[in-house]
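The values are calculated or read from the model by the stated rules, or taken from the named source; none is laboratory data. Since the model is a prediction, treat every value here as computed from it, not as a measurement. Positions of Cβ are backbone-derived with ideal geometry, glycine not excepted, and every protein chain shown enters the neighbour counts.
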Amino acid sequence: MQDRLTVLLVAFPFATVGPDAVGGAEQVVSALDGALADAGHRSLVVACGGSSIRGTHIAIETPPAGVRLDDAARAAVHQRMREAIGRVLERKRVDLVHLHGVDFGAYLPPHGPPALATLHLPVAWYPPEALRPGRERFFLHCVSEAQHRTAPAGPGLLPPIPNGVPVEDLAAARHARRSFLLTLGRICPEKGQHIALEIAHAAGLPLLIGGAVFPYPAHQDYFATRVRPLLDARRRFLGPVGHARKRRLLAAARCVLIPSLAAETSSLVAMEAAAAGTPAIAFAAGALPETVEHGRTGFVVDGPDAMADAVRRAGTIDPETCRATARARFDRATMTRRYLALYRRLAAA
């Protein structure tokens, strides 16, 4: 095709990429990989083994499942990332490198084609030197206005591109509404799953927790000490849930709880809940007040007591209002179109 692009997508090396990925960044990489393929462009994806890739997968060896990731293990993986990216750039004509990991500074190629870094996490979590690497043709951007306001100003900072989800696919799911509460995402201290469990126990309601415990000591210790002791027959940990199962859970849940203790940069879960017609109840952290429309698609609250109260009011949220809002604001096709247009501009420059 005319003006066919070759884009090197570089994922966070410690999480698999694919439609069933747990992490939001990995879901975005999967969507971009698919959009590039559908548009006739060439997608090269550096990601760990086990990823599901539409384009060409450059697989990175990572420690086996269950092995804790210490500094030495991360350094070894970063070295493999640098070598793999270097080989691709030596052997292929690449129009753009698009990096997604919080550790992208450890393997950002020092020269070559334009490089774009998407900041999926709070800006303060990135090393300052990674955001200003002194590299020519380096650009970065955020995924929400709230996050963008915290980013370092400069000519390389581009306008944000909000995330998106497969709205029509989720909206088409229909299931009898049930009484269980639902929370989805990485199991780690900043996601606050223990708060959701405490609320479910106090309310006498079932809770289903979908997600993964990554092999970081802090994440594993959190699950062992704060989450597992609160699980029982009615409050259950499901582990990672694929897209099909997540779709059913979202359609059936009373509401989705997002008790995040971090300044969320976006929330695919809140977007997915809206698309499924299910209210989201979230703490007012970071971009969550931008995503959850208080009183229309859910409730934005300021603590556990207010979240528990909002659970009781979940039935006042209209499912069709949620779905209409998702169609207007969160469609994944809009996100991928904006990225592909940006790819063309940066490659042409």
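Side notes on the structure shown:
- A residue that is more than 26 Å from V123 (Cβ to Cβ), of a type in the set (S, T, Y) and in a helix (DSSP H, G or I) cannot be found anywhere in the stretch 283-301.
- Pairs where the first residue, in the stretch 7-28, is assigned by TED's automatic domain parsing to the domain that holds V88 and within 18 Å of E61 (Cβ to Cβ) and the second is assigned to a loop (DSSP other than H, G, I, E, B) and among the aromatic types (F, W, Y), C-beta under 9 Å, 6+ apart: V10/Y107; P13/Y107; F14/F214; F14/Y216; A15/F214; E26/F12
- Selection of the stretch 253-264 for residues being among the small types (G, A, S) and part of a strand (DSSP E or B) yields an empty set.
- Filtered residues of the stretch 1-46 (kept if within 19 Å of K92 (Cβ to Cβ) and touching an Asp or Glu at 6+ places or on another chain (Cβ under 8 Å)): L5, T6, V7, L9, A11, S43, V45
- On the stretch given as the stretch 236-249, residues that are in a loop (DSSP other than H, G, I, E, B) and surrounded by 14 or more Cβ atoms within 10 Å (Cβ to Cβ) total 2.
- Selection over the stretch 133-174 of residues that are in contact (Cβ under 8 Å) with a residue 60 or more places away in the chain and over 26 Å from P289 (Cα atoms) gives a count of 3.
Every residue, every condition in (1) of a type in the set (V, I, T); (2) modelled with pLDDT of 95 or more, yes or no:
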{"site": "G86", "(1), (2)": "no, yes"}
{"site": "R93", "(1), (2)": "no, yes"}
{"site": "H98", "(1), (2)": "no, yes"}
{"site": "V102", "(1), (2)": "yes, yes"}
{"site": "P109", "(1), (2)": "no, yes"}
{"site": "P114", "(1), (2)": "no, yes"}
{"site": "V123", "(1), (2)": "yes, yes"}
{"site": "Y126", "(1), (2)": "no, yes"}
{"site": "E136", "(1), (2)": "no, no"}
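Table: residues versus (1) touching a residue at least 12 places away in the same chain (Cβ under 8 Å); (2) part of a loop (DSSP other than H, G, I, E, B); (3) more than 20 Å from G204 (Cβ to Cβ).
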residue: A251; (1), (2), (3): yes, no, yes
residue: S266; (1), (2), (3): yes, yes, yes
residue: V269; (1), (2), (3): yes, no, yes
residue: E272; (1), (2), (3): yes, no, yes
residue: G277; (1), (2), (3): yes, yes, yes
residue: D305; (1), (2), (3): no, no, no
residue: E320; (1), (2), (3): yes, no, yes
residue: R323; (1), (2), (3): yes, no, yes
